[in-house]
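Chemist: This is the structure I want to talk about, given as structure tokens.
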Amino acid sequence: MAKYHLPRGMRYATLEERREFYTSEFSLEKVQKWLELVRGKVKFAVVIGRHTRIFPKKYREDAGTTIIIDDYKGLEDVRDYMTEFLPEAAYYDRNVYDSNDRKTGQELAFDLDPENITCPIHGTLADKMRRGQGLGFCKLELDMVKQQAIGLYEHLEREFANLRVVYSGRGYHIHVFDPEAYAFSPRKRRALAREVKRKGFQIDEWVTAGDMRLIRLPYSLHGLVSRVVVPVEKGELDHFDPVHDKRGIPRFLGGGATS
Ligand SMILES: [Zn+2]
């Protein structure tokens, strides 16, 4: 099996690049717009340096942990946490909580990642893991995972009305904002995940079933590949090129969204 080289320009972001991104590029307006879709007061989360092992020295002890951010007044505070922690990854919690912090529902989501794709060159996820390349991927897998995202969206469209697609930096997330989906039981979520897998979509079952409640925050930086997490219209997906699309390329790599 061939060794991985990530597609051109996809590499770890340095601490200085993370700082530049969260200081001058991270758009609170866009995050706010996304959060209008989301219910309740949102909890955010960051991982500083679990995979990259790149972290500010003072956070050495916490580099690998998931840090929950729920003590904030507004998104300006959230930006302050980002410029303080300089995380490799930022997420939000899909759980919906009431004022007593009890879980009352969960946003339904589907996660399609290139490493889950069985590649003609690199093999299955198990093959990749055996080589210690569980997070690697190639251009072919990026194309295959995009086709899966299009197919899964069209499949879900038959049951749900309010769907969004997000390019996660590596693969794609499909978020479901239909009110009834928030109320699905764990059992129903697991059944739905299995059904989708049986149909041939190589999703991460944990995300849909709800065991993994965090999902990447749109408009944050994916620090393993130096890409901005961006929502993409379903109609644009066919021509969307994650390696070259300007919206996904941070300014420190010569990109930067204009709108
Ligand atoms: Zn491959």
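Chemist: Could you work out the Kirkwood radius for segment 171-259, taking every pair of different alpha carbons, averaging 1/r and inverting it, reported in Å? Intermediate values should be presented prior to the final figure.
Modeler: On the way: mean 1/r = 0.0662 Å⁻¹.
Taking every pair of different Cα atoms in segment 171-259, averaging 1/r and inverting gives 15.1 Å.
Chemist: So, in nm, how far is label HIS51 from label ASN162 when the simple model puts each one 7 Å beyond its Cα toward the Cβ?
Modeler: Here the modelled spin labels are 3.0 nm apart.
Chemist: If each of LYS188 and THR118 carries a label point 7 Å out from its Cα toward its Cβ, how far apart are those two points in nm?
Modeler: Taking the two extended label points, one gets 3.2 nm.
Chemist: Further question on the same structure: Counting Lys and Arg as +1 and Asp and Glu as -1, what is the net charge of the other residues whose Cβ lies under 15 Å from the Cβ of ILE215?
Modeler: Net charge in that neighbourhood comes out at +1.
Chemist: Per residue of segment 218-232, in order, report the coupling 6.51 cos²θ - 1.76 cosθ + 1.60 (Karplus, θ = phi - 60°) as ³J(HN,Hα) in whole Hz, putting x for Gly and Pro.
Modeler: Per residue, the Karplus-derived 3J(HN,Hα) values read x, 6, 8, 9, 8, x, 7, 10, 6, 10, 8, 6, 9, x, 10 Hz.
Chemist: Taking 0.36 nm per residue of separation and subtracting the Cα-Cα distance, what length does fully extending THR66 through GLU154 add?
Modeler: Extending this stretch completely gives an extra 28.4 nm.
Chemist: Related question: Mind giving me the FRET efficiency for HIS239 and MET212? R0 is 30 Å, r the Cβ-Cβ distance, nearest 0.05 is fine.
Modeler: With R0 = 30 Å, the Cβ-Cβ based efficiency is 0.50.
Chemist: Here is a follow-up. Please list, in order along segment 136-143, the HN-Hα scalar couplings obtained from phi with the Karplus expression 6.51 cos²θ - 1.76 cosθ + 1.60 (θ = phi - 60°), rounded to whole Hz, x for Gly and Pro.
Modeler: The phi angles translate into x, 6, 10, 4, 4, 5, 4, 5 Hz.
Chemist: State, to one decimal in nm, how far the label point of LYS199 lies from the label point of ASP80, with both points 7 Å from Cα in the Cβ direction.
Modeler: Inter-label distance under the simple model: 4.5 nm.
Chemist: When only C-alpha pairs under 8 Å and at least 6 residues apart count, what is the relative contact order of segment 164-233, in percent?
Modeler: Numbers: 77 pairs, mean separation 30.1, N = 70.
Reported relative contact order: 43 percent.
Chemist: Rounded, prolate or oblate for segment 1-98? Axes are the square roots of the Cα gyration tensor eigenvalues, ordered a ≥ b ≥ c, and the cut-off for rounded is a/c under 1.5.
Modeler: prolate
Chemist: Leaving out ligands and nucleic acids, note down the accessible area per residue over the chain with a 1.4 angstrom probe, in whole Å².
Modeler: I get 48 Å² per residue for this part.
Chemist: To continue, here is another question. As a quick test, which of the pairs LYS128/LYS234; LYS41/LYS188; LYS128/LYS188; LYS146/LYS199; LYS103/LYS188; LYS146/LYS246 have an alpha carbon distance above 19 angstrom in this structure?
Modeler: Beyond 19 Å between Cα atoms: LYS128/LYS234; LYS41/LYS188; LYS128/LYS188.
Chemist: With the contact rule set at Cα under 8 Å and sequence spacing of 6 or more, what percent relative contact order holds for the chain? Could the numbers behind the result be given before it?
Modeler: Details: 460 pairs, mean separation 65.0, N = 259.
The value is 25 percent.
Chemist: Give me the percent of accessible area attributable to carbon and sulfur for the chain, probe 1.4 angstrom.
Modeler: Details: 6130 of 12340 Å².
In the chain, the share of accessible area belonging to carbon and sulfur is 50 percent.
Chemist: Also, quick follow-up: Mind pulling the per residue volume of the convex hull built on the Cα atoms of segment 36-88? Å³ is fine.
Modeler: 88
Chemist: At q = 0.16, 0.18, 0.20, 0.21 Å⁻¹, what log₁₀ I(q)/I(0) does segment 76-232 have when each alpha carbon counts as one equal point scatterer in the Debye sum?
Modeler: Debye output, listed in q order: -0.97, -1.18, -1.37, -1.44.
Chemist: In addition: Quote to one decimal, in nm, the extra length available between GLN32 and ARG131 on full extension: 0.36 nm per residue of separation minus the C-alpha distance between them.
Modeler: Result: 31.6 nm gained on full extension.
The values are calculated or read from the model by the stated rules, or taken from the named source; none is laboratory data. A quick note: this is a predicted structure, and the numbers were derived from the prediction, not measured. As a convention, Cβ positions derive from the backbone with ideal geometry for all residues, glycine included, and neighbour counts pool all protein chains shown. We work out accessible area using only protein heavy atoms, side chains counted, and drop any ligands, DNA or RNA first. Shrake-Rupley method; radii C 1.70, N 1.55, O 1.52, S 1.80 Å.
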